[in-house]
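Notes follow the structure.
The values are calculated or read from the model by the stated rules, or taken from the named source; none is laboratory data. Given the structure is predicted, the values throughout are model-derived calculations rather than measurements. As a convention, Cβ positions derive from the backbone with ideal geometry for all residues, glycine included, and neighbour counts pool all protein chains shown. The area values use the complete protein model at the heavy-atom level, side chains included, leaving out ligands, DNA and RNA. Shrake-Rupley method; radii C 1.70, N 1.55, O 1.52, S 1.80 Å.
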Amino acid sequence: RKFTREALMRHSKVGIIPGLAYTAYGGEILYVEATSMNGDEKLHLTGHLGTVMKESALAALSFIRSNQKELGLDETAFKDRSFHIHVPSGATPKDGPSAGITMAVALASLLTNRAPRPQLALTGEITLRGQLLPIGGLKEKLLAAYRSGITTIVLPEDNRKDTGDLAPEIKKAITFKFFDEILPVIKYVLDSSASKSKTSTAKSKNKKK
């Protein structure tokens, strides 16, 4: 199934972050959705995720919680609040560490109420201390991104060397952003101006009513 540019625009919403995955059939776009509700302060995971991917989700939440001050979150942001991470297409098994960065940014987007930049995707493994580790299957992932109309991709710094021999059309169409740590990624990806624009629009509509 092909993703259109319109689909990418529709998914530029708070708590929904596009990632890149490598499967037996090649690369594909992987949307990570995060939400929360009053509850037992646990993390719920759905979407036919494998063990490694579940561990990445736990690491992502632990990192966000341990860096809540740096993200400008209130001390009660996690109190009596449970979180749910879902990766659609539940009939398809998914595993691997490269969604860690996407899960962390999805949680940060949800908690800060900031939408991601449009037509952007991420891939990278994270550590509890927020470092980004290199991933595999990069060429296949980038081909999927190119076909989907994605124009910016966030990658671990250690994968910079793997982009040197890409096809010219991919290099021309896609801008690569390389990072060593997750906090600068969150700052770059979450488009605060888009969130403010949506908030202002909502306020103006309420005033008219």
The condition of being part of a helix (DSSP H, G or I), in contact (Cβ under 8 Å) with a residue 40 or more places away in the chain and of a type outside the set (S, T, N, Q) holds, among A121, A144, only for A144
request  = Taking I170 as the residue in question, decide whether it is surrounded by fewer than 20 Cβ atoms within 10 Å (Cβ to Cβ), among the aliphatic types (A, V, I, L, M) and either out of contact with any Lys or Arg (no Cβ under 6 Å at 6 or more places or on another chain) or not in a helix (DSSP H, G or I) (or both).
outcome  = yes
Note: among G96, G100, just one is buried (at least 16 other Cβ atoms within 10 Å of the Cβ) and on the phi > 0 side of the Ramachandran plot, namely G96
Discussion item. Against the definition (crowded, with 20+ Cβ neighbours inside 10 Å, in contact with an Asp or Glu (Cβ under 6 Å, 6 or more places away or on another chain) and either at pLDDT below 95 or among the aliphatic types (A, V, I, L, M) (or both)), how does L155 come out, yes or no?
Written reply: no
field: Residue check, A60 modelled with pLDDT of 90 or more and under 24 Å from T151 (Cβ atoms)
entry: no
Residues of the stretch 108-124 being on the phi > 0 side of the Ramachandran plot and either modelled with pLDDT of 95 or more or among the β-branched types (V, I, T) (or both), in sequence order, are N113, G124
Of (1) part of a helix (DSSP H, G or I); (2) open to solvent by less than 60 Å² (accessible area, probe 1.4 Å); (3) modelled with pLDDT of 95 or more; (4) not aliphatic (A, V, I, L, M), F178 satisfies every one except (1)
Per the filter on the stretch 103-117, residues under 23 Å from G39 (Cα atoms) and open to solvent by less than 20 Å² (accessible area, probe 1.4 Å) are M103, A104, V105, A106, L107, A108, S109
Taking the stretch 75-115 and keeping only residues that are within 13 Å of the chain's Cα centre (by Cα) and farther than 18 Å from L43 by Cβ, one is left with S98, R114, A115
Residue hits (the stretch 49-87; open to solvent by 30 Å² or more (accessible area, probe 1.4 Å), part of a loop (DSSP other than H, G, I, E, B) and touching an Asp or Glu at 6+ places or on another chain (Cβ under 9 Å)) are Q68, K69, K79, D80
Looking across the stretch 34-48 at residues that are open to solvent by 60 Å² or more (accessible area, probe 1.4 Å) and not in a loop (DSSP other than H, G, I, E, B), the single one that is nearest to F176 (Cα to Cα) is T35
